[in-house]
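Structure first, then comments.
Each value in this text was obtained by applying a stated rule to the coordinates, not by laboratory testing. Because the structure is predicted, anything quoted here is derived from the model rather than measured. Cβ sites come from the backbone with ideal geometry, for glycine too, and all protein chains shown count toward neighbours.
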């Protein structure tokens, strides 16, 4: 087995979706799904811990990493969910899936809508939707609010960092718990060179979602439809938009809290996260 993962691509909804493959194809598939404004290689340390037991692959969500950008800005939960399902079809269904933050929300929508493709789902800090609730329901005011935000991206320019060291400082500011030796690795795959320096390797329009995005108060309807076992992992210092009580909405869910950790629990406490995930994933019976 090679020490470095291999980059591969799959077509989904006319987009070229990138993913990284750690080999061991004869083993059960384990799909890793990153969060918003992140990338597949942020999973490297977790992938290394699981590659002997599973066929580990990690997706670059659309508009992130080396996956294509969606012209027009189709970056909602449903669109991303279909990309995750397409990857599972490519590497082997049903699959075990571990996802973080926005990727967790994406994977929960995918598992609810296409339950036959999931045999276990571990979600790290992913019980949220970035779209607010609308008290008066869908209507012109909401479309205008969404439209004004989206149109604002047309005149937005990404911040250019003079070098990778400067970009790395921003990565560390976002999560001061990151080990110093891991920051350059994360930064190298998160940024790309442009004239004058580096910019983040994601589409600014991923923040726009879609006009019909799933709202926060609609998410429990999806959670209740997930058929596979679910492990919800929360940091003790979880973000205010997370719902540590979300497990009550699932048919079969358990909850674990990770101590001395923030939102990026798999970076802050990788050993503790893997210790929780390993027995959970191992309990899944082989696919018939």
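Details
- Global geometry of the range 140-256, whether rounded, prolate or oblate, following the gyration tensor of its Cα atoms and the 1.5 cut on a/c: oblate
- Rg over Rh [alpha-carbon atoms, Kirkwood Rh] for the range 202-288: 1.02
- Cα gyration tensor shape for the range 197-237, rounded if a/c is under 1.5, else prolate or oblate: oblate
- Peptides ranked, highest mean first, by Cβ atoms within 10 Å: ranges 142-151, 265-274: 265-274, 142-151
- Long-range Cα-Cα pairs in the range 23-78 (distance over 12 Å), rounded percent: 66 percent
- Mean Cβ count within 10 Å, highest first, over the residues of peptides 41-47, 119-125, 181-187: 119-125, 41-47, 181-187
- Förster radius 30 Å - calculated FRET efficiency between residue 260 and residue 215 (Cβ-Cβ, nearest 0.05): 0.40
- Extension gain for the segment residue 25 to residue 157, taken as residue separation times 0.36 nm less the Cα-Cα distance, is 43.4 nm to one decimal.
- Prolate/oblate/rounded call for the range 47-199, Cα gyration tensor, a/c under 1.5 rounded: oblate
- Where N is the number of residues in the range 1-125, Cα Rg divided by 2.2 N^0.38 Å: 0.94
- Percent antiparallel among DSSP beta bridges (both partners in the chain, rounded to 5): 40 percent
- Inter-part distance where the range 1-70 and the range 256-288 are each reduced to a Cα centre, Å: 18 Å
- Order of 214, 134 under a 10 Å beta carbon neighbour criterion, fewest first: 134, 214
- Panel note: the C-alpha atoms of the range 51-135, placed on their principal axes, show extents of 45, 28, 21 Å (largest first).
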